Amino acid sequence: MENTFVLGISHKNTDISTRSAFSISAEKQNECYNLAKELDFKNFVVLSTCNRTEIYGTGSIFLAENIFTTVCNQSKDLLDKYKFVKTTNDALSHIFNVASGLDSRILGDYEILGQFKNAFKLSKENGMLSTEFERMANSCIQASKEIKTKTALSKGTVSSSYAVIEILKEKIGENFKKCLLIGTGKFGNNISKNIKHYLPNIELTLSNRTYTTALEIATAQRFKILPFEELNISFQNYDIIILSSSTEEYIVTSDTLVNAKTKLILDLSIPLTVHPDCKKIKQIEILDINTISAILDKSLESRKKYLPVANEIINNHLSAFIDWKNFYKQRGQIIDLKNILKEVSKSCPYISKLNTEKIDELVNKTIQTFVKSLKQNKFFKFETREIIDIFMQNAEAN
């Protein structure tokens, strides 16, 4: 895919502050797609997570950078300082690695696959996903699932939502505590389920900007619920506050924590939703997403041994996709070729006498020869005379 590109920033060379600056919320993603349509992009996918914001597309990288900086309201100089760009085969390889968790802050993090799927789903809903790009995404998903099935790369503590449980166990043990979880998206929902399963003694209350979303989860899991509008007057009632919310505003400030009994705050949001001044409050420990990642690094070494198998699986799926792409690219030639061979069969005395089923069989056999040569990269533009000769040879052999 000659003009395929990846443009982004990631955990590899940026801190949380920079990633927050280039984070693209759901609302901003719609703005991205509207701009991409105006600029005639055929493929445009936005993937924004805690540890990366990346744009996958085909076309002008320069225009994609303009969209990136415009939507995030950041300077081109800042983007240039931290961005990475990959093209053609390097871009494809990167996208496969991202979907499989091989490029994640936490090696083997399987949660990225859901985020990857949602990104491509939104792109398709916006009409920014071609048949080839959708096929590529499906190949990435299949490779990721095969890696999970055939290796132990995702074994153990590899999800950020479970790492929260390890932190809570270390900080509070099995003691009864009141906990407030703000943000009930997929990540927040996973955290709530893990708390219920692994720390049933915690009294969990949910809050979300969209009340019905929190209500649905709270009802199903039998949690308490707190309207988002009542947060500021209720923070002091909780020992633990966990934030997993997508917003550009600070939810927790030093003023909201006056007289609070809170001892631990986990700010897992990007951008951060706890004001930096809160760290001055001595009795409250505040941890962010980087802390989560550091905790999970301890199991990294045991997973590295599965990388050769994972890479082989990715290479197999990537090669299969490239074969399909080359075939798909030549579909017009193949249709023309079929029509030519059928016309030839009408003018050839000993072929025209055959029934329609036998002629179709000879045509398909010749097409298979062409496709085989295509996959072996022997030729991409066929000589009509050469194909007709093969067709005649097949006919004489039968």
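We did not get these values from a lab; they are worked out from the coordinates using the rules stated. Bear in mind the structure is a predicted one, so any value in this text is a computation, not a measurement. In this analysis, Cβ positions are derived from the backbone assuming ideal geometry, glycine residues included, and neighbour counts consider all displayed protein chains.
Below is a table of values for the structure above.
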item	result
Viscosity 0.692 mPa s, temperature 37 °C, Stokes-Einstein D of region 105-235 from Kirkwood C-alpha radius, µm²/s	193
Region 34-122: mean projected area of Cα convex hull, nm²	5.9
Label-to-label distance, nm, for residues given as residue 34 and residue 220 (7 Å Cα→Cβ offset)	3.1
Fluctuation leader among 94, 197, 317 - the chain, Gaussian network, Cα springs under 10 angstrom	197
Pairs from 86/150; 178/280; 280/305; 76/280 whose Cα-Cα separation, in the structure shown, is over 31 Å	280/305; 76/280
For region 57-106, alpha-carbon Rg over 2.2 N^0.38 Å	1.30
3J(HN,Hα) from dihedral phi, region 241-257, Karplus parametrisation 6.51/-1.76/1.60, rounded to Hz, x for glycine, proline	10, 10, 10, 9, 10, 9, 7, 9, 10, 6, 8, 10, 10, 4, 5, 6, 9
Whole-angstrom gap from region 33-97 to region 149-211, using each part's C-alpha centre	32
Two-decimal ratio, region 221-287, of alpha-carbon radius of gyration to 2.2 N^0.38 Å	1.06
Convex hull projection area averaged over all views, region 247-334, Cα basis, nm²	10.4
Orientation-averaged projected area, Cα convex hull of the chain (nm²)	24.7
